[in-house]
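Taking it in order: structure first as structure tokens, then the write-up.
Every number here is computed from the coordinates shown, using simple stated rules; none is lab data. The shown structure was predicted, so the numbers you read here are calculated from the model rather than taken from an experiment. For neighbour counting, all protein chains shown are included, and Cβ atoms are generated from backbone atoms with ideal geometry for every residue, glycine included.
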Amino acid sequence: MKYAVHTQLRRFLGTIGLDLADLFQRAGLPDRTWQETITLTPMAYYQFLQAIDSQLTDDQILALSDVANVQFFFPPLFAALAAQNGYQAVQRLVAYKQLIGPVTAQLTETTTTVAVHFDFIYPAMAQTRLALLVEQLSLLSLLRTGTRQHIVPLKIKSPVTYGAAIQDYCDVMPLASDDNQIVLTKAALQKPFKTENNVMWQYLEPTLKAKLAQLTAAASLAATIRKDLITAIPSGQFSIEAISQTLGLSPRTLQRKLAQEKTTFNKLLQETQSQLAVNYLQDFKLSNAEIAYLVGYAEPSAFARAFHRWTGETLAQYRKQLVH
């Protein structure tokens, strides 16, 4: 699975003062800004979001979450705006969420409310602050844009911080929680959309369905192994023999199939360990020794050397950047 960084999105990032080449460098990704459409693996997309996360102000996050700014290069948002009401819009957005980026959404309904929860497609990895806020705020923006009314969520919560500008936009005090959720009343979601356009939906629906089918079919062995490694590495059971057994393959067959995809098991392992390390380093409650264990290193010193090899930075240098 790969996700596009479209030309229109790149231009929008430029309008809010972000240079794409600089973002790719910060993310540790090769400079591909010369390409008209850049595609990234889910893990590379995650690194890209982390790089953006450290550069954006809350006002810029709000601008990036405004569907008026981004609907035309994210067709699922355009399709949601063409819905009859907020309830139908949320259902469409959840159904086609992965066409926008490597994120899934789940609905939980009661008789009077609908709650939406967002996950990175590898749930073992925490969402970046940027990704989570953009998901929650763009959903709220979608509902307000569609109804032309000031929809206020019943509740909004997550593990990330909400700045004053974002709190003002939500118009409800966000709650600190290990889980993330935006809860809306069904009464608010039943309000008709002024942007309803059934002709546009009939045009978009076949294309969205086809793209979703392509995305599902394009899942490679490497992507499957990355997903397995995300959970296997913290458990300590991440040898090629263990992963091969999970997939019903011999280690030799697994390596041969990966060679056909122009990669190796060791390369995937190193990439995943690096990305897990970057994820865990966001949590200042975890010591370097604890993170070393979680990414598969028995010795913290060996982990420190590996991290420097992966990123060109020491652990201390990387963590220092996170607080500046």
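Between LEU29, LEU249, LEU13, the Gaussian network model of the chain with springs among Cα atoms under 10 angstrom shows the greatest mean-square fluctuation at LEU249. Sequence-distant contacts, meaning Cα pairs under 8 Å at least 6 residues apart, place the relative contact order of the chain at 15 percent. Dividing the convex hull volume of the alpha-carbon atoms in region 59-127 by its residue count gives 112 Å³ per residue. Across the options ALA165, LEU130, LEU142, the greatest Cα extent toward the positive end of the charge dipole of region 110-186 (unit charges at beta carbon of Lys, Arg, Asp, Glu) belongs to LEU142.
Length gained on full extension, ASP179 to GLN214: 9.5 nm, using 0.36 nm per residue less the C-alpha separation.
Residues considered: ILE230, ILE16, ILE61. Largest GNM mean-square fluctuation over the chain, using C-alpha springs under 10 Å, is found at ILE16. Of interest is the spacing of the C-alpha centroids, which for region 174-206 and region 269-324 amounts to 38 Å.
What does the charge count around ILE230 come to, taking other residues whose C-beta lies under 15 Å from its C-beta (Lys +1, Arg +1, Asp -1, Glu -1)? Summing Lys and Arg as +1 and Asp and Glu as -1 gives -1. Translational D (Stokes-Einstein, µm²/s) of region 57-215 at 10 °C and 1.306 mPa s when Rh comes from the Kirkwood sum over C-alpha pairs? Once the numbers are plugged in, D ends up at 101 µm²/s.
From Cα pairs below 8 angstrom and at least 6 apart in sequence, can you work out the relative contact order of region 54-123, rounded to a whole percent?
It comes to 17 percent, rounded to a whole number.
Between ARG305 and GLN317, the simple label model (points 7 Å from Cα in the Cβ direction) yields a spacing of 1.8 nm. For the chain, a crude dipole built from +1 on the beta carbon of Lys and Arg and -1 on the beta carbon of Asp and Glu, taken about the Cα centre, is about 640 debye to the nearest 20.
When the inverse distances between all different Cα atoms of region 12-91 are averaged and flipped, the Kirkwood radius reads 14.3 angstrom. When all alpha carbon pairs of region 223-264 are counted in 10 Å bins from zero, the resulting P(r) reads 31, 59, 11 %.
Relative to the current alpha-carbon distance between SER235 and GLN8, full extension at 0.36 nm per residue lengthens the span by 77.6 nm. Along the positive direction of the dipole of region 1-53 (beta-carbon charges: Lys, Arg +1; Asp, Glu -1; about the Cα centre), which of THR39, LEU29, THR15 reaches farthest? In region 1-53, that residue is THR39. When only the Cβ of Lys, Arg, Asp and Glu is charged (+1, +1, -1, -1), the dipole of region 80-210 relative to its Cα centre reaches about 300 debye. Can you list residues whose amide H is under 5 Å from THR113's amide H, if they're 5+ apart or on another chain and H is modeled 1.01 Å from N? For THR113, whose amide H was placed from the backbone, the distant partners under 5 Å are LYS186.
Each residue, GLN190 and LYS155, gets one label point 7 Å from its Cα in the Cβ direction; the gap between the two is 2.2 nm.
Sequence-distant contacts, meaning Cα pairs under 8 Å at least 6 residues apart, place the relative contact order of region 57-215 at 31 percent.
How large is the charge dipole for region 260-324, taken about the Cα centre, if only the Cβ atoms of Lys, Arg (+1) and Asp, Glu (-1) carry charge, to the nearest 20 debye?
In debye, rounded to 20, region 260-324 gives about 140.
Taking only the Cα atoms of the chain, the radius of gyration and Dmax are 20.6, 61 Å. 3J(HN,Hα) couplings calculated from phi for region 166-177 with the Karplus curve 6.51 cos²θ - 1.76 cosθ + 1.60 (θ = phi - 60°) are, in sequence order, 6, 4, 4, 5, 5, 6, 8, 6, x, 9, 7, 7 Hz; Gly and Pro show x.
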